[in-house]
Amino acid sequence: MRIAIACDHAAVAHKLAVSAHLRALGHEIIDFGTAGEASCDYPDHGYPAVKAVADGRCERGVLICGTGIGMSIVANKVAGIRCALVHSVDTARTTAAHNNPQVLALGARIVDAATACAMVEAWLTTAFETRHQRRLDKITAIERGSPC
Ligand code: RB5
């Protein structure tokens, strides 16, 4: 699978750890930065990564900032994208099954790098339970301005 990844200055080490873990699992990683610890603005890196998912250039996206909150807000502004901010392996697995998010957001100041890797792997390896599709259709309808 081709996976977009991006972070801000608070999460470079986590991004490198998650990227290495995903490559070891056989995935292709497209890195949208940032690369160093100089202060930057998370939308500058998160948005291009999410666009790559929305446009179909990548199948999934992983966004990491200090809390994961800013990145998740950015991602959920992009049409068609469902981004889940997760805090544990259990929430990562559950959101895959219930919300089928194309993008996962994590907080580098919230979880350690090993947990981040385990969370991303759980999300990628858990199947969506199609009984939840009706709810996702309602989210899409809200996004399109015609909520039921
Ligand atoms: C950067 O200091 C911090 O605001 C950012 O990493 C993130 O936590 C924002 O939601």
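The values are calculated or read from the model by the stated rules, or taken from the named source; none is laboratory data. Worth saying up front: this structure is predicted, and the values here are computed from it rather than measured. Glycine gets a Cβ as well: all are built from the backbone with ideal geometry, and neighbour counts include every protein chain shown.
Given the options 28, 37, name the one that is at pLDDT below 95 and not hydrophobic (A, V, I, L, M, F, W, C).
Numbers: 28 fails: at pLDDT below 95.
After ruling out the rest, the residue left standing is 37.
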### Query
What are the residues in region 84-115 that are crowded, with 22+ Cβ neighbours inside 10 Å and touching a Gly at 6+ places or on another chain (Cβ under 7 Å), if any?
85, 103, 105, 106, 107, 108
### Query
Taking the stated definitions as given, is residue 84 over 24 Å from residue 139 (Cβ atoms) and touching a helix residue (DSSP H, G or I) at 6+ places or on another chain (Cβ under 7 Å)?
no
### In region 59-81, the residues that are under 18 Å from residue 1 (Cα atoms) and surrounded by fewer than 24 Cβ atoms within 10 Å (Cβ to Cβ)
59, 60, 81
### Query
Taking region 6-43 on its own, how many of its residues are within 11 Å of the ligand (Cβ to nearest atom) and touching a Pro at 6+ places or on another chain (Cβ under 8 Å)?
0
### Task
Could you grab me the full set of residues in region 13-58 that are aliphatic (A, V, I, L, M) and farther than 20 Å from residue 83 by Cα?
13, 16, 17, 20, 24, 25, 35, 38
### Where a residue in region 8-22 is within 12 Å of residue 33 (Cα to Cα) and part of a helix (DSSP H, G or I) and its partner, wherever it lies, is away from the ligand (no atom under 16 Å from the Cβ) and modelled with pLDDT of 95 or more, with Cβ under 8 Å and at least six apart
15/31; 19/29; 19/31
#### Entry: region 88-120 - residue that is under 26 Å from residue 36 (Cβ atoms) and part of a loop (DSSP other than H, G, I, E, B) and, of those, farthest from the ligand (Cβ to nearest atom)
112
